[in-house]
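S.K.: One structure is given below, represented as structure tokens, and several questions about it will come after.
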Amino acid sequence: MARIVLLLMALSLISILPLLATAMFHIKGCVYCDTCRAGFETNATFYIQGAKVGIRCQDRKTMDEVFYTEGVTDSTGTYNIMVENDHHDNICKTVLVSSPISSCNTPDPGRNRSSIVLTHYKNGVLNHLHYANAMGYFKDDPLPQYCHQLLKYYLSDSDV
């Protein structure tokens with residue numbers, strides 16, 4: 001009985017090995033303009049079409065860049081980037097590259113990159129679709145009057 005269980009486990013492992021060897025990852029995320037310079041998405045946030053986003057992987061030991069690719073956001077501010085191969089020994093991140101909006105092109109230092117996992121190695125995740133956290137740019141000048149009210153609402157300790 002134990003041999004049969006072992007044989008079935010080996011067969012299932014063999015069937016999944018080609019998926020691991022030819023890993024393809026679909027990375028999805030969005031880029032927004034923080035019109036109130038709040039440091040997070042608000043009701044006044046809008047999503048940026050045509051923003052460039054990069055995916056950068058570095059060797060865990062040397063920190064040398066071993067992989068880089070770019071994508072562009074669509075009309076909803078969403079990017080979809082395909083990445084081939086497993087990067088299990090790398091530190092990978094999505095990074096902001098550029099914004100097409102001149103009045104909203106200063107990267108938010110707290111939201112200008114997002115860590116992503118590009119491996120199936122010992123993590124149990126077999127899904128090829130991976131979501132990255134939203135990344136944002138600051139608007140040069142916050143929206144007058146509206147932002148003050150909005151931030152008061154978001155940052156209030158009282159029941160508004």
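The values are calculated or read from the model by the stated rules, or taken from the named source; none is laboratory data. For clarity, every value in this text was computed on a predicted model and none was experimentally measured. Here the Cβ positions follow ideal geometry from the backbone for every residue, glycine too, while neighbour counts run over all protein chains shown. All accessible areas refer to the heavy atoms of the entire protein, side chains included, with ligands and DNA or RNA removed. Shrake-Rupley method; radii C 1.70, N 1.55, O 1.52, S 1.80 Å.
S.K.: Between Y154 and D140, with labels modelled 7 Å along Cα→Cβ, what's the label distance in nm to one decimal, could you check?
M.R.: 2.2 nm
S.K.: Could I ask something else about it? Among the aspartates and glutamates, select those whose C-alpha is under 18 Å from the C-alpha of K93, and discard any that sit fewer than 8 residues away in the same chain.
M.R.: The reachable aspartates and glutamates, counting only those whose Cα sits under 18 Å from K93, are D59, D64, E65, E70, E84, D108.
S.K.: Residue by residue through the range 61-72, which ³J(HN,Hα) values in whole Hz follow from phi under the Karplus form 6.51 cos²θ - 1.76 cosθ + 1.60 (θ = phi - 60°), with glycine and proline marked x?
M.R.: 8, 8, 6, 6, 6, 10, 7, 8, 8, 10, x, 10
S.K.: Here's another thing I want to ask about it. Counting only residues 5 or more places away or on other chains, whose amide H sits under 5 Å from the amide H of D34 once H atoms are built in the peptide plane?
M.R.: So D34 has HN proximity to Y137, F138, K139.
S.K.: Give the carbon-plus-sulfur fraction of the accessible surface of the range 24-116 in %, rounded to a whole number; probe 1.4 Å, heavy atoms of protein chains only. Before the final figure, lay out the partial values.
M.R.: Working: 2050 of 4550 Å².
C and S atoms contribute 45 percent here.
S.K.: I've got another one for you. Provide Rg over Rh for the range 22-155; use the alpha carbon set for both Rg and the Kirkwood Rh (inverse mean inverse pair distance).
M.R.: Using only Cα positions, Rg/Rh for the range 22-155 is 1.04.
S.K.: Under the rule of at least 5 residues apart or a separate chain, name every residue whose amide H is placed under 5 Å from the amide H of F67.
M.R.: Long-range HN contacts for F67: C57.
S.K.: With an 8 Å cut-off on Cα pairs and a minimum separation of 6 or more residues, tell me the relative contact order of the range 22-155 in percent.
M.R.: 34 percent
S.K.: So if each residue of separation counts as 0.36 nm, and I subtract the Cα-Cα distance between M24 and Y68, what length gain in nm does that give?
M.R.: Working: separation 44, 0.36 × 44 = 15.84 nm, distance 1.48 nm.
Taking M24 through Y68 to full extension adds about 14.4 nm, to one decimal.
S.K.: Find which of H128, P142, M24 sits farthest along the positive direction of the dipole of the range 22-155, computed with +1 on the beta-carbon of Lys and Arg, -1 on that of Asp and Glu, about the Cα centre.
M.R.: Farthest towards the positive end: P142.
S.K.: Could you run the Karplus curve 6.51 cos²θ - 1.76 cosθ + 1.60 with θ = phi - 60° over the range 131-143 and give me ³J(HN,Hα) per residue in whole Hz, x for Gly and Pro?
M.R.: With coefficients 6.51, -1.76 and 1.60, one gets 9, 9, 4, 5, 10, x, 10, 8, 6, 4, 10, x, 4 Hz.
S.K.: Also: What is the sum of charges, Lys and Arg at +1 and Asp and Glu at -1, for the other residues whose Cβ falls under 12 Å from the Cβ of T45? Mind showing how you got there, number by number?
M.R.: Details: positive: R37, R111, K139; negative: D34, E41, D108.
Residues close to T45 contribute a combined charge of 0.
S.K.: Another question, if that's okay. If you count only protein heavy atoms with a 1.4 Å probe, what accessible area per residue comes out for the range 38-146, rounded to a whole Å²? Walk me through the numbers before you get to the answer.
M.R.: On the way: 6180 Å² over 109 residues.
Heavy-atom SASA per residue in the range 38-146 reads 57 Å².
S.K.: Okay, next question. When the Karplus curve 6.51 cos²θ - 1.76 cosθ + 1.60 is applied with θ = phi - 60°, which whole-Hz ³J(HN,Hα) does each residue of the range 26-38 get, with x for Gly and Pro?
M.R.: 10, 9, 10, x, 9, 10, 10, 10, 8, 6, 10, 6, 7
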